[in-house]
Amino acid sequence: MSVLIKGGRIVTAADDYVADLFVEDETVTLIGESLDQPADKVIDASGKYVLPGGVDPHTHLDMPFGGTVTIDDVESGQTSAAFGGTTCHVDFVIQPKGATFAEALEEWQAKANGKQVIDMGYHMAVTDLAEGGTLEELATLPDQGITSYKLFMAYKGAIMVDDETLFRVMQVAADTGALVMVHAEHGDSIDVLVKQALAEGKTEPKYHALTRPPETEGEATNRAIQLARVAGCKLYVVHVSCRESVEPIQLAREKGWDVWGETCTQYFFVDYSFLERPSFEGGKYVYTPPPRAKENQEVLWTAVANDVLSVVSTDHCAFLWDGQKTLGKDDFSKIPNGAPGLENRLQMIHEHGVRGGRITLNRMVELLSTNPAKYFGLYPRKGTIAVGSDADIVVFDPEKRVTISASTHHSKSDYNLFEGTEVAGSPEVVLLRGRVLVEGDELVAHRGVGEFVRRARFGQELRAAEAVA
Ligand code: URP
Ligand code: ZN
Ligand code: ZN
């Protein structure tokens, strides 16, 4: 299939210019003025932005968690992503206790097979080195395209690891070139605070935040940074929510240490007060780290503008409010942690980041596409528009007015964190490797078109022909 995109404003992390773009088979083959190649499809992009497809490095699809399973499977989650202009994501394989990493990977791939709408890769979340997975086996994963290891420093009694496990995995990563990702919170103190709150009859959703104070995130972020220095590995801190965690990352980056951080869309917009909403509405906003005091939002905008934080992900971990979140109606600790978000990242960051004057259009592309592609071994196949790159392209109408709502989103969740928010700017056409995925309100391509991508190691390039499993 060939596609000619005419007259759009092509925006990458580095460039911003008007040109035509020709796609043949799966890649961009020509960029220039007045191209007139015969094409199966011609898209008039005048007045539109032509952006590289979004790359979301932090999602949880079809994941058992908090006594239930996330409501979006690979098909519904990726459909939601496609409508939001995200054409590639990296999901977390969570090692079941006692399972080898091969068994874990097989289980996750079985959930995805045949359902894929966009391209995807996996991180491996290590939960157990006592039985099942070994450090030796972990070391083999990067050669299979799983080039990042994730560790949870919280969720005690479930998927939290101790510092010895964290440090040993960091040592393996130093040897194999994998990137270590951490969920940074001080799990032991949070566990004490949760038990104490419940013993005092404090059961409402707001206690989710009050038992996870920002200092617990700051402490764990700093601990992970220092341990990564000792081990000599590269570190990526996920879902940074507050000043206490931004500050150690800022120091690390000023020092030139191998440390990077992401925040997620919701932390710019949802604050602690949302958890206090009556009639268990607050349960919708129970995710971890929790929504913080509002002043943190400006801290995060400054951090993404200054490259203290380098990625905005979604941490899409969707549940139903009615039937799943309500598991914790009488006990906040039983509310499954997580929220939907895959579909609205580009709209929200464009509206409030770019149109709000906080970041440039180039920086938006860098945060949502180029940097995640670079750090997670997908660049330059993904994350940019260049000859030879995958034709993962979003034709974005910056004027299109949309009201975000659960009644129109494509996640199976029955609520949207940004319900009622009006934005100017939305994807109009989305291409995945040259194939039209989404056009207007219609999903054109169907399940099965997405592929698993074997990612390169951090700092190594991934070219189009190399990478499909
Ligand atoms: O609440 C969240 N974030 N749920 C998903 C798991 C995690 O911690 O990322
Ligand atoms: Zn987490
Ligand atoms: Zn997460």
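Summary of computed values
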item: Relative contact order for region 268-407, counting Cα pairs under 8 Å that sit 6 or more residues apart, in percent; result: 18 percent
item: Long pairs among Lys156/Lys294; Lys97/Lys202; Lys206/Lys294; Lys111/Lys412, criterion Cα-Cα beyond 20 Å; result: Lys156/Lys294; Lys97/Lys202
item: Length added when fully stretched, Ala305-Asp330, from 0.36 nm per residue minus Cα-Cα; result: 5.0 nm
item: 222 nm mean residue ellipticity, helices alone, for the chain (DSSP H n ≥ 4; -39,500 (n - 2.57); rounded to 500); result: -7000 deg cm²/dmol
item: Relative contact order %, region 145-221, counting alpha carbon pairs below 8 Å whose residues are six or more apart; result: 34 percent
item: The chain, accessible surface, carbon-and-sulfur percent (1.4 angstrom probe); result: 47 percent
item: Per residue solvent-accessible surface (Å²) - the chain, probe of 1.4 Å; result: 35 Å²
item: Counted charge near Ala139, where neighbours are those whose Cβ lies closer than 12 Å (Asp, Glu -1; Lys, Arg +1); result: -3
item: Extreme residue, positive dipole direction of region 116-237, given options Leu129, Ala220, Cys233 (C-beta unit charges); result: Ala220
item: Rg/Rg_ref, region 1-79, where Rg_ref = 2.2 N^0.38 Å and atoms are Cα; result: 1.54
item: Long-range amide H partners of Arg381 with built H, under 5 Å; result: Leu462
item: Packing rank of 41-47, 217-223, 276-282, where each peptide gets the mean count of other beta carbons within 10 Å, highest leading; result: 217-223, 41-47, 276-282
item: Rounded D (µm²/s) - region 263-349, Kirkwood Rh over Cα pairs, Stokes-Einstein at 10 °C, 1.306 mPa s; result: 117 µm²/s
item: Compactness index (Cα Rg / 2.2 N^0.38 Å), the chain; result: 0.92
item: In region 317-421, GluC sites (Glu not before Pro) in a DSSP loop with at most 15 other beta-carbon atoms within 10 Å; result: Glu419
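The values are calculated or read from the model by the stated rules, or taken from the named source; none is laboratory data. Please read all numbers here as calculations on a predicted model, not as lab measurements. Cβ: placed from backbone, ideal geometry, glycine included. Neighbour counts: every protein chain shown. To get the accessible areas, we keep the full protein, side chains included, count just its heavy atoms, and leave off ligands, DNA and RNA. Shrake-Rupley method; radii C 1.70, N 1.55, O 1.52, S 1.80 Å.
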